[in-house]
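Worksheet: the structure to be examined is printed underneath.
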Amino acid sequence: MKDQDYILFEDYLSGNLDDESKQAFEQQLETDPIYNDAFEIYKKTSQFVENHYKNAEQTDAFKKTLETVSNNYFKDKPSSKSKVRRINPWFYSVAAAAILIIGFFIGQQFSNPIYDDFANYGTISLTVRGNQDEVLTKAESSFNNHNYKDAETYFSELLQSDPDNIEYQLYKAVSLVELNQYKQADALFNGIMKTPSVYKHKATWYLALSKLKQKDEESCIQILKSIPEDAEDYEQAQKLLHKLD
């Protein structure tokens, strides 16, 4: 986006365009998705700034930040030869804010993915009515509260009496990844992947996340490609794969 694009955005919102220019502008919005997204961001930013400018005491810091950014961005810009128009006094601040927002979203789109972007393990439910095993309850609570150090301890204790429990192995492995103990975690994931368990594909996805956290992108990509379409995490896997490829 160029500064004249933001001036055009403001002219459209302020009703300063003639019919021909308005029609051409709206046609560009319909045919150019990126241009349309930029306009929507500018419009929402304009509404936000206009509404909040009414309370100077609450938004003084915000305005000063925008003024600094706008002065840096628009300084030494050539003046337009078009007719003088009346625009909102906060136009340059709005435009600068829109530039920052658009830049942020573009950066997000093209930035390298990180583990925290995809590591959403949700909550687990291990205890069942009639089974109030204390260690099981503590394992579940610790995991759900992201206390992975205690969770790993409790799952290890549970596996001593039930070593073939795939579910316990899976959540112990996740806890180990969170504790950066990758070798043991990956071994557990690989073991689960070799079983016919319903957790097989989940373990594959979690192993890919482990490799992502280890910054082993090559291994992560290969693992992601092995996740089948009927797997619960297939769409997330494809999203991550798209970002890595």
Item checked: Debye log10 I(q)/I(0) for segment 128-225, one point scatterer per Cα, at q = 0.19 Å⁻¹ -> -0.88
Item checked: Accessible surface, segment 106-221, averaged per residue in Å² (probe 1.4 Å) -> 56
Notebook entry, point to check: Taking only C-alpha pairs under 8 Å that are 6+ residues apart, what is the relative contact order of segment 188-245 in percent?
Noted result: 28
Note to self: Can you work out the Karplus-derived ³J(HN,Hα) for every residue in segment 186-202? Use 6.51 cos²θ - 1.76 cosθ + 1.60 with θ = phi - 60°, whole Hz, and x for glycine or proline.
What the structure shows: 5, 5, 5, 4, 4, x, 5, 5, 8, 9, x, 4, 5, 8, 4, 6, 5
Next item on the list: In nm, give the distance between the simple-model label positions of residue 194 and residue 117, each being 7 Å from the Cα along the Cα-to-Cβ direction.
Entry: 3.3
Notebook entry, point to check: Cα to Cα, under 17 Å, and not fewer than 8 places away if on the same chain: which aspartates and glutamates meet these conditions relative to residue 213?
Noted result: 116, 117, 178, 186, 245
Notebook entry, point to check: Hey, which of these cross-link pairs are over 21 Å Cα-Cα: 149/239; 149/194; 149/183; 43/243; 138/215?
Noted result: 149/239; 149/194; 43/243; 138/215
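Can you give the relative contact order of segment 130-176 as a percent, counting alpha carbon pairs under 8 Å and 6+ residues apart?
About 35 percent, as a whole number.
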Check: Measuring from centroid to centroid over Cα atoms, what is the spacing of segment 112-126 and segment 225-241 in Å?
Finding: 14
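Could the peptides 147-157, 113-123 be put in order, highest first, of the mean number of other beta-carbon atoms found within 10 Å of their residues?
147-157, 113-123
The values are calculated or read from the model by the stated rules, or taken from the named source; none is laboratory data. Note that the structure is predicted; figures quoted are calculated from it, not measured. No Cβ is skipped: glycine too gets one built from the backbone with ideal geometry, and neighbour counts run over all protein chains shown. Note: areas computed on protein heavy atoms with side chains; ligands, DNA, RNA excluded. Shrake-Rupley method; radii C 1.70, N 1.55, O 1.52, S 1.80 Å.
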